[in-house]
Amino acid sequence: MKKFAILALSALAFTTADAQEITGASSLSLSDVTVGTGQTGIRSVIGTATNRTNGQLHFAVVKINLYDGQGNLLGNTIAQASNVESGAHWRFEAPIMYASTAAYKVVEVDAF
């Protein structure tokens with residue numbers, strides 16, 4: 001069963017979640033999800049989403065919760081794309097707008 005990590009931005013422990021628990025995971029698979037500086041120069045959750053369908057996805061979105069060091073929800077961030085072709089790899093970036101963000105969790109992957 002395909003798994004991806006709920007990754008920590010600091011020294012917090014890794015945990016995993018089954019891809020099937022995430023909406024849309026059958027259409028898009030996520031890999032190489034990490035935190036870095038995006039192309040805009042903003043600290044972001046960055047990763048690769050791959051269209052696993054035989055057709056074009058007209059809309060794709062990755063929704064992410066952001067947490068402080070005590071595990072409190074600070075807010076959310078999102079990355080979205082249009083017209084992701086079959087088999088294409090979309091390099092997504094979701095900006096982190098809270099300086100106190102210590103961890104994140106992908107909570108939804110949706111595509112149609």
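The values are calculated or read from the model by the stated rules, or taken from the named source; none is laboratory data. Just so we're clear, the structure is a prediction, and the values are computed from it rather than from any experiment. FYI the Cβ positions are ideal-geometry reconstructions off the backbone, even for glycines, and counts take in every protein chain you see.
Please pick out the residue among L12, L66, L57, L74 that is of a type in the set (A, V, I, L, M, F, W, C), surrounded by fewer than 19 Cβ atoms within 10 Å (Cβ to Cβ) and modelled with pLDDT of 95 or more. Quick ask: steps written out before the conclusion?
Working: L12 fails: modelled with pLDDT of 95 or more; L66 fails: surrounded by fewer than 19 Cβ atoms within 10 Å (Cβ to Cβ); L57 fails: surrounded by fewer than 19 Cβ atoms within 10 Å (Cβ to Cβ).
When all the criteria are applied, what remains is L74.
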(request) Give me the pairs, please: first residue somewhere in segment 89-106 and under 10 Å from G47 (Cα atoms), second residue anywhere and crowded, with 20+ Cβ neighbours inside 10 Å and hydroxyl-bearing (S, T, Y), beta-carbon distance under 8 Å, and either six or more positions apart or on two chains. (result) E93/S44; A94/S44; A94/T77
(message) Please go through (1) modelled with pLDDT under 95; (2) within 17 Å of F112 (Cα to Cα); (3) not acidic (D, E) for I6 and return the number of the only condition it doesn't satisfy.
(response) (2)
(message) Looking at the structure I just gave you, is T101 in contact with a Phe, Trp or Tyr (Cβ under 9 Å, 6 or more places away or on another chain), assigned to a loop (DSSP other than H, G, I, E, B) and surrounded by 12 or more Cβ atoms within 10 Å (Cβ to Cβ)?
(response) yes
(message) I need every pair where a residue in segment 59-83 that is within 12 Å of V45 (Cβ to Cβ) and hydrophobic (A, V, I, L, M, F, W, C) has its Cβ under 6 Å from the Cβ of a residue that is modelled with pLDDT of 95 or more and surrounded by fewer than 16 Cβ atoms within 10 Å (Cβ to Cβ), sequence separation at least 6 or different chains.
(response) L66/G75; L66/Y98
